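S.K.: To start, I am sharing the structure in question, which I have written as structure tokens.
Since every read-out is calculated from the coordinates, none of them should be taken as a lab result. What you see is a predicted model, and the numbers here were worked out from it, not measured in a lab. Cβ placement follows ideal geometry from the backbone for every residue including glycine, while neighbour counts extend to all protein chains displayed.
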Ligand SMILES: Cc1cc2nc3c(=O)[nH]c(=O)nc-3n(C[C@H](O)[C@H](O)[C@H](O)COP(=O)(O)O)c2cc1C
């Protein structure tokens with residue numbers, strides 16, 4: 001097993017996998033790591049769907065166009081889940097407020113599901129497996145995928161995670177320097193210096209994209225990311241949330 005230090009510092013997204021299956025023992029450890037995720041109030045406002053059926057993976061691939069989904073060994077979907085607490089509240093005649101209709105209710109669910117995904121990533125990495133989060137599982141066809149997964153009301157897909165035996169070792173992607181990520185005692189006030197460091201990082205990414213192993217590009221960081229945001233402006237997540245029983249009002 002890899003050390004936690006190596007698991008986190010050598011992690012990179014893996015998009016090509018061997019046909020080899022992940023063992024039951026390895027999946028058991030990933031499930032247990034997911035189960036032991038810290039969650040808001042210990043409410044565990046999340047669930048995971050583990051998809052191994054090739055036909056279903058192909059169907060999700062058809063909806064999302066993300067090749068990793070059909071080639072990975074396990075595809076996990078991380079959901080916000082207020083269905084379970086609703087079920088037990090009803091069974092015990094506890095009057096449950098519509099927490100899922102609040103912005104904080106939504107954030108609580110997204111945080112819990114995201115932390116659960118990171119638990120899976122950390123455990124998979126320590127087992128020498130490769131992972132790739134798939135946000136398109138939330139954004140491109142939320143209603144069709146929810147129907148395919150037979151999701152009950154008050155559940156919502158936050159993110160997918162492809163897991164498999166790695167068939168590639170892409171270069172590690174340079175990340176923002178610590179000075180831009182970790183603010184000490186309060187948010188940095190030296191805007192000009194921040195812009196200088198951001199431009200240096202932007203150049204680092206351009207250089208990485210020009211010289212990395214495999215497919216190269218002339219992308220810089222800022223325009224590339226803003227381009228993603230531009231594309232994402234077309235997603236209709238609020239409507240999808242409302243249809244799934246999250247009518248966020250305040
Ligand atoms: C929430 C989330 C959603 C993502 N969605 C996708 C995706 O749909 N397809 C994909 O190929 N990579 C996806 N990624 C992977 C990112 O592109 C990747 O983490 C980022 O480029 C940094 O590279 P690294 O993971 O190798 O450090 C996603 C990552 C996160 C955290």
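S.K.: Most mobile of 217, 47, 126 per a Gaussian network model of the chain (Cα springs, under 10 Å)?
M.R.: 217
S.K.: What is the distance in Å between the Cα centroid of the stretch 150-195 and that of the stretch 60-137?
M.R.: First find each Cα centre; the distance between them is then 17 Å.
S.K.: First measure r as the distance between the Cβ atoms of residue 243 and residue 63, then evaluate 1/(1 + (r/R0)^6) with R0 = 25 Å and state the FRET efficiency to the nearest 0.05.
M.R.: E(calc), rounded to 0.05, equals 0.95.
S.K.: With N denoting the number of residues in the chain, provide Rg(C-alpha) divided by 2.2 N^0.38 Å, to two decimal places.
M.R.: 1.10
S.K.: Need one number: nm distance between label points at residue 178 and residue 95, each 7 Å from Cα along Cα→Cβ, rounded to one decimal.
M.R.: 5.3
S.K.: Compute the helix-to-body angle for 24-35: its Cα long axis versus the longest principal axis of the chain, expressed 0 to 90° and rounded to tens.
M.R.: Taking Cα atoms only, the helix is inclined about 80 degrees.
S.K.: Want the number for residue 24 to residue 198: 0.36 nm per residue separation, take away the alpha-carbon distance, what's left? Numbers along the way, then the final one.
M.R.: Values: separation 174, 0.36 × 174 = 62.64 nm, distance 4.40 nm.
Roughly 58.2 nm would be gained on extension.
S.K.: Quick one: length gained pulling residue 3 to residue 212 fully straight, 0.36 nm per residue minus the C-alpha distance?
M.R.: This chain segment gains 72.6 nm when fully extended.
S.K.: Continuing with this model, one more query. For the pair residue 147 and residue 44, what calculated FRET efficiency results from E = 1/(1 + (r/R0)^6), where r is the Cβ-Cβ distance and R0 = 35 Å, to the nearest 0.05?
M.R.: Plugging the Cβ-Cβ distance into 1/(1 + (r/R0)^6) gives 0.90.
S.K.: Output the 0 to 90 degree angle, nearest 10, between the alpha-carbon long axis of helix 191-211 and the longest principal axis computed from the alpha carbons of the chain.
M.R.: Taking the Cα atoms of the chain, the angle to 191-211 is about 80 degrees.
S.K.: Would you compute, from DSSP H runs of 4+ residues alone, the mean residue ellipticity of the chain at 222 nm, taking -39500 (n - 2.57) per run and dividing by the full residue count, rounded to the nearest 500?
M.R.: Numbers: 12 runs with 121 residues, N = 250.
Value at 222 nm, helices only, nearest 500: -14000 deg cm²/dmol.
S.K.: Related question: Using only Cα atoms, find the angle between the long axis of helix 103-126 and the longest principal axis of the chain, and express it within 0 to 90 degrees, rounded to the nearest 10.
M.R.: The answer is roughly 60 degrees.
S.K.: Given a 10 angstrom Cα cut-off, can you work out which residue in 183, 101, 224 is the most mobile in a GNM of the chain?
M.R.: Taking springs between Cα atoms under 10 Å, the residue moving most is 183.
S.K.: Can you give me the pair-distance distribution of the stretch 158-223, C-alpha pairs, 5 Å bins, whole percents?
M.R.: Bin by bin from 0 Å, the calculated values are 3, 14, 18, 16, 15, 16, 10, 5, 2.
S.K.: Take the chain, connect every pair of alpha-carbon atoms lying under 10 Å apart with a spring to form a Gaussian network, then pick out the residue of 54, 100, 45 with the largest mean-square fluctuation.
M.R.: So, out of 54, 100, 45, the one fluctuating most is 54.
S.K.: How much length is gained if the chain between residue 232 and residue 167 is pulled fully straight, taking 0.36 nm per residue apart and subtracting their Cα-Cα distance, in nm to one decimal?
M.R.: 20.4 nm
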